[in-house]
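Undergrad: Handing you a structure now.
Bear in mind that the values in this text are calculations on the coordinates, not laboratory data. Only a predicted model underlies this, so the values are computations on that prediction, with no experimental measurement involved. Note: ideal-geometry Cβ built from the backbone for every residue, glycine included; neighbour counts use all protein chains shown.
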Amino acid sequence: MVLPERLRFKCVVGCSLAIILWGGCSSRVDIDEQVTAKPNRSDPLNQAQLAISRQQWDEADKLLRQSLLLEPENQSVQRMLASVAANRRDWDLATDLMSTLVQGNVDASLEDRNRLAAMYMSAGRPFESMRVQKQTIEQFPDAIQKRSDLTGLATVMGTEEVAIEQLRWLARHNLGEEEGLAVLAQPSQVQPDVALCEKALSVCPEDQRAQFGIAKVDAMNSRWAEVAQRLRAVLERHPDFVPAYALYGRAVIELDDSNQIHEWRQNRPDGAQSSPLFWLTTGIMLQEQGQNEAAAKAFLEAATRHDGNDSQTLTYLIGVLRRIDRIEAAKQVEARNELLARLHDTVKTLHERETRSQSAAMAVARVMVDLGRW
C-alpha cells in the first residue's frame, strides 16, 4: 500500500524541507542584530558589515576571518562568518562554524539550532539536519513546528520510525492531523520521495545515507538485487547506519545469499535492536530457517516497537503464529490488522471528501477507539 499522492504530499507540508529545499539556505545576515562594532571604520568588523550590506561575500569572508583572529571566542562574529559562508555556498565552513556554536551547548538558541539544521539541508545532508532537529526538540520540547518539520523530513527520507515518535507526541497533545494517522496506521508502507533523495545525493555525494529512501522504494517493488547493491555502498561508508543495515539484511535474505547473510549477522551495529525493521528482518531469517518459535518472538518484538500498528509486521506474525498452533493469538492479531486497514480506509475517505464530513470524521474516531481497546 502506498499513500495516495495527496496524502504523501500532506505528510511533508510542515517540513522545513519545503522551504529550504536544497535551493540554498536563506542566510542573509541582518546587520542590525549583529554585534555592535567599535566606531572605528578601519576595524575589520565594521568593514565586514559594510561588505555584507553590499553582498560582497568574498571580501566579508576575509574581513570576518581577521576579526576572529582578534576575538577568537566572539560568537557573533562566528555566526556572521557562518552566514557569509552559506551565501558563498561553502557549506563545510558554514556547518562547521554553526556546529561549534550549537553542539554540546545546552544554552544554544532555538534560532541557532534552526539555522544549523537549515544549512545541513542546503548542504544536501538531510540526515545531519534530522540529527540536529532531534537535539533541538530535546532542548525545546514545546517547539511544535520543529516536530512537524522533523516528521516531514523523516517521512520523505524513508525513516518513518523517527516520524512516528513525533506523530505520537503530537497526537497525545491533541496536535495531530489526519494524515499523521495514516502514517501511524501503516508506518512501513509510507513511500519515501525518491526525487528528494536523489537531490540530496547530487548535492553531497559523500553522504550516501539518502540511498536508503530509494532502496526502500525498490524493496516495496521487490527489487532486492537493487536494494542490496545500493545499501552495500551505504554501509561501506556508514557502517553504523541502522536503517540501511536492517533493510540490507532483508535484501540478502530474500536473495538467499548465505555468505552475505552470515556477514550481515556478524556486523550488527550498536542500536540495531531498537529498530523494528531489524526485528522484522530477523524474524524473516528465522522463519526461513524453520525456527518458527524464535521467529514469532522476533515478529512480536517488531510489532511491539511499532505499537502494533504495522500491517506488514502483523501479517508475518499471524502466519507464524498459525504455524506453531497459536490460533487464538493469531485471530487476535488478525482483528488488529483488520482495524488498521479500516483506519487507513476511513482516513483516506476523510481526505477525499472536501467538506470533511462529520460522518467520515466519526468513522475515524470509532476505529481509533476500537484500536485503543485492543
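Undergrad: Once fully extended, how much extra length lies between GLN229 and GLN145, figured as 0.36 nm per residue of separation less the alpha-carbon to alpha-carbon distance?
TA: Details: separation 84, 0.36 × 84 = 30.24 nm, distance 3.64 nm.
Difference between extended and current length: 26.6 nm.
Undergrad: If you find the alpha carbon centre of segment 235-290 and of segment 296-310, how far apart are they in angstrom?
TA: 16
Undergrad: No solvent, one uniform scatterer per C-alpha: report log10 I(q)/I(0) for segment 42-160 via the Debye equation at q = 0.17 1/Å, two decimals.
TA: Summing over Cα pairs of segment 42-160 leads to -0.83.
Undergrad: Where nothing but the Cβ of Lys and Arg (+1) and of Asp and Glu (-1) is charged, how large is the charge dipole of segment 100-223 around its Cα centre, in debye to the nearest 20?
TA: 140
Undergrad: A further question follows. Once you order the gyration tensor axes a ≥ b ≥ c over the Cα atoms, which shape class does segment 139-206 get: rounded for a/c under 1.5, otherwise prolate or oblate by comparing a/b with b/c? Write out the running numbers ahead of the final one.
TA: Values: a/c = 2.90, a/b = 1.55, b/c = 1.87.
Here segment 139-206 falls in the oblate category.
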